[in-house]
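Structure, as structure tokens:
Quick note: the coordinates plus some simple rules give every number you see, no bench work behind them. Since the structure is predicted, the reported quantities are computational estimates derived from the model, not experimental observations. Every residue, glycine as well, gets a Cβ built from its backbone with ideal geometry; the counts of neighbours run over all protein chains shown.
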Amino acid sequence: MFPRMRRAAHSKVGRRGAALIGFGIVDVIYGASLIQPSGSIPNATARWFGSIGPMSLWVALWWAVALVCFMSAICKSRDGWGFAAAIALKIWWVLLCFVGWRSGEVSSGAVGVWFGFTYFVGLIAGWPEPSDPDENAS
């Protein structure tokens, strides 16, 4: 089942587009995780960002980047915009996490996780789209 779905997705949006869809899904979920009932903020990282700006701003940023990722996945010739948006938000996020860590507000784990994910997005952004979507598929 999954190999068939993977081939169908790759034939429509390519591997880079599939990566952008994945990044967009992560961004939607992470943005949604920042929405809390009754204004409570669930963890130190979210509290740190809440002290910098309203949570609605951060949610809107994550969801806007997700939208750019989804739109860029559909327009294969313009996927650079999606990767640029995805990496820019994550670089900004990891830099602010680093400042929060240095000031004792954010855990070093948050910095490490966001740095690793930012590196991963940048790595995939530099890969060209293979000419054959089934090429090197396992």
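A few remarks follow.
- Label point distance in nm, residue 119-residue 81, each placed 7 Å from Cα along Cα→Cβ: 3.1 nm
- Where labels lie 7 Å past Cα in the beta-carbon direction, separation of residue 25 and residue 108 in nm: 3.3 nm
- Cα Rg, Dmax (largest Cα-Cα span) when computed across segment 9-125, Å: 14.8, 47
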